[in-house]
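Data block below; observations after.
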Amino acid sequence: MAEQRTVDLRRSALFRDLGRRELAQVGRSMGRRRFPAGTTIVVEGEIGTGFFMVRSGRAQVVAGGERIRTLWPGDHFGEIALILETPRTATVTAVTDVECDTLTSWDFRRLVETNADFAWRVMVAMGRRLLTHGQPGDG
């Protein structure tokens, strides 16, 4: 399972620039959650403390009552919650059964504090995402 998680992380824009060792560290820190179709995964306005990467299924992102986008396997949301415990910027709902790899803010912080190269590469990826999307469209 750890090897597959590393492959999946490499597909994510947030982690694709990491080396094999860093990807393995992230993979070992992640959990896994399943959400039946129709389940609200995160709620706009609620405090977030975790990151989600879609492994399978499809989810809908809604912000301010407006549909923003659809998430597919390899997409992720909740990256802001890795750094700041702030209200979610969107609601994410499972359209089909969804399986996600998850990373808590405290596990992410441990990775950042122990590896400066990891921290820099993830910051660059987040910066790129902000430039191309205007804001992370996650929740």
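Mind checking the full-extension length gain between residue 39 and residue 132? Use 0.36 nm per residue of separation minus the Cα-Cα distance, one decimal, nm.
So the chain would gain 30.6 nm between residue 39 and residue 132.
Using +1 on the beta carbon of Lys and Arg, -1 on that of Asp and Glu, and nothing else charged, what's the dipole of the chain about the Cα centre, debye to 20?
Charge dipole, the chain, about its Cα centre: 380 debye, nearest 20.
Using R₀ = 22 Å, calculate the FRET efficiency as 1/(1 + (r/R₀)^6) where r is the Cβ-Cβ separation of residue 99 and residue 3; round to 0.05.
The formula returns an efficiency of 0.80 here.
Which angle from 0 to 90°, rounded to the nearest 10, does the C-alpha axis of helix 20-29 make with the longest principal axis of the chain?
That works out to roughly 50 degrees.
For the chain, what ratio Rg/Rh do Cα atoms give with a Kirkwood hydrodynamic radius?
Rounded to two decimals, Rg over Rh is 0.94.
Spin-label point model (7 Å from Cα, Cβ direction): what's the residue 56 to residue 119 distance in nm?
Each label point lies 7 Å from its Cα, and together they span 3.7 nm.
Among the GluC sites (Glu not before Pro) in the range 1-80, which ones are in a DSSP loop with at most 13 other Cβ atoms within 10 Å of the Cβ? Mind listing them?
The qualifying sites are 46.
What is the calculated FRET efficiency for residue 112 to residue 67, with r their C-beta to C-beta distance and R₀ = 41 Å, to the nearest 0.05?
After rounding to 0.05, the efficiency reads 0.80.
Just so you know, all these numbers are worked out from the coordinates, no wet-lab data involved. Because the structure is a prediction, the values reported are computed rather than measured. Every residue, glycine among them, receives a Cβ derived from its backbone with ideal geometry; neighbour counts consider all protein chains shown.
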